[in-house]
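Undergrad: My questions all concern the structure below.
The values are calculated or read from the model by the stated rules, or taken from the named source; none is laboratory data. Bear in mind the structure is a predicted one, so any value in this text is a computation, not a measurement. Here the Cβ positions follow ideal geometry from the backbone for every residue, glycine too, while neighbour counts run over all protein chains shown. Accessible surface areas use protein heavy atoms only, side chains included; no ligands, DNA or RNA. Shrake-Rupley method; radii C 1.70, N 1.55, O 1.52, S 1.80 Å.
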Amino acid sequence: MRYLIILITLTFSIGAIAQDVPGYSGKFNAIDRLLEPPSPYRTASGAPGEDYWQQRADYKIKASIDENTNELVGEETITYFNNSPHDLKFLWLNIEQNVNRKGNEDFGDVMGGVKDSISSLQMQYLVRPIDFPAGTDIQWIRDANGNDLDYIVNNTLLRINLPQPLMSGLNITFSIKWKNYITDRAKFLLSREGYEYFPEDDNKVFLLGHWFPRMAVYNDTEGWQNKQFRRLGEFALEFGDYEVELTVPEDHIVAGTGVLTNESEVLSKVQRERMEKARQSFEGQLFIVTPDEARSNEASKSTGTKTWKFSAKNVRDVAFASSRKFIWDAMAVKLPTNTVMAMSFYPKEGLPVWTEESTNGVKQALEVYSEATFDYPYPVAISVNTSNIGMEFPMISFNGGRPVNGQISEQARRGMTSTIIHEVGHNWFPMIVSSDERKWMWMDEGLNTFLHQRTLAERYPQWSSTQPKDIIPFMMGDQKTLRPVMTNSDNDLLFQMGANFYQKPTVGLQMLRQTIVGKELFDIAFKEYANRWKYKHPNPSDFFRTLEDGTATDLDWFFKGWFFTTETVDIDLAEVKWFQLKEEQATIENKQQKGNTKRISGSAKSANANDFSDGPQSFTLTPTRDGNYGQFLSRLDESKMRDQLSGKHIYELTFENKGGLVMPVIIEWTYADGTKEMQQLPAEIWRLNEAKVTKTFLKEKEVVSIAVDPNQQLPDVNVTNNVFPRKEQTDKFEEMKDE
């Protein structure tokens, strides 16, 4: 009966306290219901399960470019392996070039509608008054015996109806002949491929991505990929081996995914000798095609053709660039388990900055990303210069940034180099760690930007790189329009997606690494995720679970707040109280000694004081009643405790969560002697009250000021309430008058 009475008493006491606690929103509840449940294919730890399966597609492609008509004609043979446990009655393929057909969404209206004065280019974006051929024309699809296969085109997706199901564990081989109309990239917003025209010398640089029909993903969590290509959500493709033959004008230089297998047929003897030297050049790049040779090459146009052959193993796509304008330089990059040829292709318009920065930028990305995840596994990494773009494909990327009349500002140089690093970095996310960009742009852009900014910080310290405070303006935006990171790729507002899918996940990972988990544990877990899912298809749940699994840290509260909501960080240091023990005679023995009583200077601190001028509030330490010890027979040494508290300073800090996001509390104490101390409280202090927390601290020295997160390790949207004593906010108009 005694235990029942104690329990009832405790229950009533807690109930009385709970009446003062704001409504509980469950910020620390598990996020299991927000994630796909574990299965034999994907474990609760975030690793692929023992029954994980993945489809595969191998390609043999022959294609040719007609630079007079701007057409690409191709024929491909696909061998598709059904590794799923399901029998498939039909197949789906991507034909993304159809997004360029008139009538598809082209984002023209985001730049504003019709006005009383409007540029011709803006009008082209809006209604395309100058029309042109675009898209993919399928000429035929045949099985391995040459029989026609029935198919249906649904905009950017193509369905092949099989005469009999493709049984689990078997494969099918079929062929497609098609034609693409290569479009002028200047006529689109967000154009990812096409040609760039140079009026001065009447030449073009062809950038070919999304250029052939490719198998869509079929997996355990979605079945067939069913989202159309709308230019934002990019890839969801299967891995396979490629053999590619590209027939182009004879004087073109081609950069492509994979190994060039017929160097002796397409490169001159001098170019082959230069390439051999470049393969041994680890300190700087060498020209394969010099600037003078490129200028000479673009001056006269060949009427013949030449076929370049590339082989690529275990990639999910191939792309290429072709032009007679290309300067070509290359160098070798030695990684612990692989040697990679870093190469750049650029027209003379990129001089001199592309020679100075591009291939070196490729090298820096290869080294930093490899250290953070796994060694770059492919033989080449290529950067191609073009205008107004940063676009990635396996082993090759198309990157903007050029000087004007040979001159470039430091800001523009940084932007160009940053773009190159970013696009090369996409080889890891999502080209190898192959997340579904059609659904979750943040999984490739956010993770890649995190390492891209780390590369800038480590290898280019003279330039700025993203810090947590940089996301504050976005997070302070209108909550009516903000969307969480866990928004499908094509559903975010165009002018917000950069902050939401690139920058916010980057800042989140920075906070985990630098503040919440710590570098050592975070780096181990991040590398574990990359290695678990390389050459596989991870989902957000696999990423979240792996980080928790690798750090032994419950991060559900962080993932829920940062990725699933638009709440902000705003920790208010709402109240500070300062206490000192009221000095008494320590023992009966020294009761008669004089001068033993210490008087506290200053009056007791009032509850609404905004500085320390009132001095500390005194308190008396009373003996503990025996009943408070319960059945424990031991007792505190109260005399010793008084001695330990004598002359010390006790500070009671009350924090209020004004923004909604729970976060660690980072405190900087500044003492009267001028020294400082940093102290961090974990986010879990908010578990019992997500809105308000009070914590008490014992300090040896007197404190003169307190600051929450003074180095802005967290993106606190209101730093004015982070300090005590409060700093007077100067009116901006008054500041201007003073100046």
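Undergrad: Within the bounds of segment 392-413, is there any residue that is touching a His at 6+ places or on another chain (Cβ under 6 Å), under 21 Å from Leu190 (Cα atoms) and not in a helix (DSSP H, G or I)?
TA: Here is the first cut: in segment 392-413, the residues touching a His at 6+ places or on another chain (Cβ under 6 Å) are 392.
Now restrict to residues that are under 21 Å from Leu190 (Cα atoms): 392.
If we keep only those that are not in a helix (DSSP H, G or I) too, we end up with 392.
Yes; the residues of segment 392-413 include at least one that is touching a His at 6+ places or on another chain (Cβ under 6 Å), under 21 Å from Leu190 (Cα atoms) and not in a helix (DSSP H, G or I).
Undergrad: Scan segment 693-706 and report the pairs whose first residue is under 22 Å from Met663 (Cα atoms) and whose second residue is of a type outside the set (Phe, Trp, Tyr) and not in a strand (DSSP E or B), with Cβ atoms within less than 7 Å and a gap of 6+ or a chain change.
TA: Short answer, once both residue conditions are applied: Val693/Ile685; Lys695/Ile685; Ser705/Pro725.
Undergrad: Related question: Condition first: over 12 Å from Thr183 (Cβ atoms) and either of a type in the set (Lys, Arg) or at pLDDT 95 or above (or both). Now tell me which residues in segment 122-148 satisfy that.
TA: Of everything in segment 122-148, those that are over 12 Å from Thr183 (Cβ atoms) and either of a type in the set (Lys, Arg) or at pLDDT 95 or above (or both) turn out to be Asp137, Ile138, Gln139, Trp140, Ile141, Arg142, Asp143, Ala144, Asn145, Gly146, Asn147, Asp148.
Undergrad: Could you tell me whether any residue of segment 171-190 is among the aliphatic types (A, V, I, L, M), open to solvent by 20 Å² or more (accessible area, probe 1.4 Å) and within 20 Å of Thr79 (Cα to Cα)?
TA: Just the residues of segment 171-190 that are among the aliphatic types (A, V, I, L, M), to begin with: 172, 176, 182, 186, 189-190.
Then drop every residue that is not open to solvent by 20 Å² or more (accessible area, probe 1.4 Å), which leaves 172, 186, 189-190.
Next cut, within 20 Å of Thr79 (Cα to Cα) only: 172.
Yes: one or more hits.
Undergrad: Looking at this structure, is Asp444 in contact with a His (Cβ under 8 Å, 6 or more places away or on another chain) and either over 18 Å from Lys363 (Cα atoms) or surrounded by fewer than 24 Cβ atoms within 10 Å (Cβ to Cβ) (or both)? Before the answer, list the steps.
TA: Values: in contact with a His (Cβ under 8 Å, 6 or more places away or on another chain): yes; either over 18 Å from Lys363 (Cα atoms) or surrounded by fewer than 24 Cβ atoms within 10 Å (Cβ to Cβ) (or both): yes.
Answer is yes for this residue.
Undergrad: Moving to a separate point now. Taking only pairs six or more apart or across chains, which ones have beta-carbon atoms under 8 Å, a first residue in segment 409-422 that is in contact (Cβ under 8 Å) with a residue 60 or more places away in the chain, and a second residue that is among the charged types (D, E, K, R)?
TA: Arg413/Glu357; Met416/Glu357; Met416/Arg402; Thr417/Glu357; Ile420/Glu357
Undergrad: With a cut-off of at least 3 residues that are in contact with a helix residue (DSSP H, G or I) (Cβ under 6 Å, 6 or more places away or on another chain) and not β-branched (Val, Ile, Thr), name the strands (runs of 3 or more DSSP E) lying wholly within segment 35-153. Walk me through it before giving the result.
TA: Values: elements: 56-66, 71-81, 88-94, 135-143.
Strands (runs of 3 or more DSSP E) meeting the threshold: none at all.
Undergrad: Here's a follow-up. Could you tell me whether Arg438 is touching an Asp or Glu at 6+ places or on another chain (Cβ under 8 Å), in contact (Cβ under 8 Å) with a residue 12 or more places away in the chain, under 28 Å from Arg316 (Cα atoms) and not aliphatic (A, V, I, L, M)? Before the answer, list the steps.
TA: Details: touching an Asp or Glu at 6+ places or on another chain (Cβ under 8 Å): yes; in contact (Cβ under 8 Å) with a residue 12 or more places away in the chain: yes; under 28 Å from Arg316 (Cα atoms): yes; not aliphatic (A, V, I, L, M): yes.
So Arg438 fits the description; yes.
Undergrad: Still on this structure, I have one more. Hey, Glu265 hits all of (1) more than 38 Å from the chain's Cα centre (by Cα); (2) among the acidic types (Asp, Glu); (3) in a loop (DSSP other than H, G, I, E, B) but one; which does it fall short on?
TA: The failed condition is (3).
Undergrad: Taking segment 137-146 on its own, how many of its residues are out of contact with any strand residue (DSSP E or B) (no Cβ under 8 Å at 6 or more places or on another chain) and open to solvent by less than 80 Å² (accessible area, probe 1.4 Å)?
TA: First, the residues of segment 137-146 that are out of contact with any strand residue (DSSP E or B) (no Cβ under 8 Å at 6 or more places or on another chain): 145-146.
From what's left, open to solvent by less than 80 Å² (accessible area, probe 1.4 Å): 146.
The qualifying residues number 1.
Undergrad: Condition check: aliphatic (A, V, I, L, M), more than 25 Å from Arg316 (Cα to Cα) and in a helix (DSSP H, G or I). Does Leu509 satisfy that?
TA: Criteria met by Leu509.
Undergrad: Go through segment 221-240 residue by residue and tally those that are open to solvent by 20 Å² or more (accessible area, probe 1.4 Å) and not in a strand (DSSP E or B).
TA: 6
Undergrad: Now a separate question. How many of the residues making up segment 401-417 are of a type outside the set (A, V, I, L, M, F, W, C), open to solvent by 10 Å² or more (accessible area, probe 1.4 Å) and at negative phi? Even if it seems obvious, please write down each step before you answer.
TA: Narrowing segment 401-417 to residues of a type outside the set (A, V, I, L, M, F, W, C): 401-403, 405-407, 409-411, 413-415, 417.
Then keep just the ones that are open to solvent by 10 Å² or more (accessible area, probe 1.4 Å); that gives 401-403, 405-407, 409-411, 413-415.
After this cut, where a residue has to be at negative phi as well, the list is 402-403, 407, 409-411, 413-415.
Count: 9.
Undergrad: Can I ask one more? Kindly evaluate Leu573 against the criterion of being open to solvent by less than 80 Å² (accessible area, probe 1.4 Å), closer than 28 Å to Val703 by Cα and either aromatic (Phe, Trp, Tyr) or at pLDDT 90 or above (or both). It would help to see each step written out before you state the result.
TA: Working: open to solvent by less than 80 Å² (accessible area, probe 1.4 Å): yes; closer than 28 Å to Val703 by Cα: yes; either aromatic (Phe, Trp, Tyr) or at pLDDT 90 or above (or both): yes.
Answer is yes for this residue.
Undergrad: Would you be able to say whether some residue in segment 295-316 is farther than 30 Å from Lys519 by Cα, under 25 Å from the mean Cα position of the chain (by Cα) and hydrophobic (A, V, I, L, M, F, W, C)?
TA: In the first step, residues of segment 295-316 are kept if they are farther than 30 Å from Lys519 by Cα; the result is 295-316.
The next check asks that each one be under 25 Å from the mean Cα position of the chain (by Cα); those that pass are 314-316.
If we keep only those that are hydrophobic (A, V, I, L, M, F, W, C) too, we end up with 315.
Yes - at least one qualifying residue is present in segment 295-316.
Undergrad: Answer yes or no as to whether Val404 is out of contact with any Gly (no Cβ under 8 Å at 6 or more places or on another chain) and at pLDDT below 95.
TA: Values: out of contact with any Gly (no Cβ under 8 Å at 6 or more places or on another chain): yes; at pLDDT below 95: yes.
So Val404 fits the description; yes.
Undergrad: Going by the conditions given, is Phe619 modelled with pLDDT of 90 or more, within 19 Å of Val723 (Cβ to Cβ) and surrounded by 12 or more Cβ atoms within 10 Å (Cβ to Cβ)?
TA: Working: modelled with pLDDT of 90 or more: yes; within 19 Å of Val723 (Cβ to Cβ): no; surrounded by 12 or more Cβ atoms within 10 Å (Cβ to Cβ): yes.
It is false that Phe619 is modelled with pLDDT of 90 or more, within 19 Å of Val723 (Cβ to Cβ) and surrounded by 12 or more Cβ atoms within 10 Å (Cβ to Cβ).
Undergrad: Run down Leu166, Leu157 and say which single residue is open to solvent by less than 70 Å² (accessible area, probe 1.4 Å), within 32 Å of the chain's Cα centre (by Cα) and at pLDDT 95 or above. Walk me through how you get there before you give the answer.
TA: On the way: Leu166 fails: within 32 Å of the chain's Cα centre (by Cα).
Criteria check complete, one pass: Leu157.
Undergrad: Within segment 77-120, work out how many residues are hydrophobic (A, V, I, L, M, F, W, C), under 32 Å from the mean Cα position of the chain (by Cα) and closer than 25 Å to Arg230 by Cα.
TA: Within segment 77-120, the subset hydrophobic (A, V, I, L, M, F, W, C) is 78, 81, 88, 90-93, 95, 99, 107, 110-111, 114, 118.
From what's left, under 32 Å from the mean Cα position of the chain (by Cα): 81, 91-93, 95, 99, 107, 110-111.
So of that shortlist, the ones also closer than 25 Å to Arg230 by Cα come out as 91-93, 95, 99, 107, 110-111.
Here the count works out to 8.
Undergrad: Here are some conditions: (1) under 14 Å from Asp716 (Cβ atoms); (2) more than 27 Å from the chain's Cα centre (by Cα). Ala683 meets all but one. Which one does it not meet?
TA: With (1) under 14 Å from Asp716 (Cβ atoms); (2) more than 27 Å from the chain's Cα centre (by Cα) applied to Ala683, the lone miss is (2).
Undergrad: Related question: For segment 659-681, how many residues meet the condition of being free of Cβ contacts under 8 Å to residues at least 40 places away in the same chain, in a loop (DSSP other than H, G, I, E, B) and of a type outside the set (Val, Ile, Thr)?
TA: Of segment 659-681, the ones free of Cβ contacts under 8 Å to residues at least 40 places away in the same chain are 669-679, 681.
Still in the running and in a loop (DSSP other than H, G, I, E, B): 672-675.
Filter once more, keeping what is of a type outside the set (Val, Ile, Thr): 672-674.
Result for segment 659-681: 3.
Undergrad: Given the residues Glu589, Glu548, Glu583, which is the only one that is surrounded by 13 or more Cβ atoms within 10 Å (Cβ to Cβ), assigned to a loop (DSSP other than H, G, I, E, B) and either of a type outside the set (Ser, Thr, Tyr) or modelled with pLDDT under 95 (or both)? Don't jump to the end; show me each part of the working.
TA: Values: Glu589 fails: surrounded by 13 or more Cβ atoms within 10 Å (Cβ to Cβ); Glu548 fails: assigned to a loop (DSSP other than H, G, I, E, B).
None of the other options fit; the residue is Glu583.
Undergrad: Hey, can you tell me all the residues within segment 297-348 that are open to solvent by 50 Å² or more (accessible area, probe 1.4 Å) and within 27 Å of Thr417 (Cβ to Cβ)?
TA: Lys334, Pro336, Thr337, Thr339 - these are the residues of segment 297-348 that are open to solvent by 50 Å² or more (accessible area, probe 1.4 Å) and within 27 Å of Thr417 (Cβ to Cβ).
Undergrad: Could you say which residue among Glu293, Glu298 is out of contact with any Pro (no Cβ under 6 Å at 6 or more places or on another chain) and touching a residue at least 40 places away in the same chain (Cβ under 8 Å)? Steps first, answer last, please.
TA: Details: Glu293 fails: touching a residue at least 40 places away in the same chain (Cβ under 8 Å).
Answer to the check: Glu298.
Undergrad: Suppose we filter Ser370, Ser383 for residues that are within 30 Å of Leu521 (Cβ to Cβ) and of a type in the set (S, T, N, Q); which single one remains? Full working, then the answer.
TA: Details: Ser383 fails: within 30 Å of Leu521 (Cβ to Cβ).
One residue alone meets the criteria, Ser370.
Undergrad: Please identify the pairs in which a residue from segment 29-41 that is of a type in the set (Val, Ile, Thr) has its Cβ atom under 7 Å from the Cβ atom of a residue that is open to solvent by less than 70 Å² (accessible area, probe 1.4 Å), counting only partners at least 6 apart or on another chain.
TA: Partner pairs satisfying both residue conditions: Ile31/Asp556; Ile31/Phe559; Ile31/Lys560.
Undergrad: Anything in segment 551-573 that is in contact with a helix residue (DSSP H, G or I) (Cβ under 9 Å, 6 or more places away or on another chain) and assigned to a loop (DSSP other than H, G, I, E, B)? List them, or say none.
TA: Matches in segment 551-573: Ala552, Thr553, Asp554, Leu555, Thr566, Glu567, Asp570.
Undergrad: Can you name every residue in segment 499-538 that is without any contact (Cβ under 8 Å) to a residue 40 or more places away in the chain, of a type in the set (Lys, Arg) and open to solvent by less than 60 Å² (accessible area, probe 1.4 Å)?
TA: Taking segment 499-538 and keeping what is without any contact (Cβ under 8 Å) to a residue 40 or more places away in the chain, we get 499, 513, 517-522, 524-525, 528.
From what's left, of a type in the set (Lys, Arg): 513, 519.
Across segment 499-538, the qualifying residue is only Arg513.
Undergrad: Between a first residue in segment 615-642 that is basic (Lys, Arg) and a second residue that is open to solvent by 60 Å² or more (accessible area, probe 1.4 Å), which pairs have beta carbons less than 9 Å apart while being 6 or more apart in sequence or on different chains?
TA: Note: pairs meeting the criteria are Arg635/Asp626; Arg642/Glu584.
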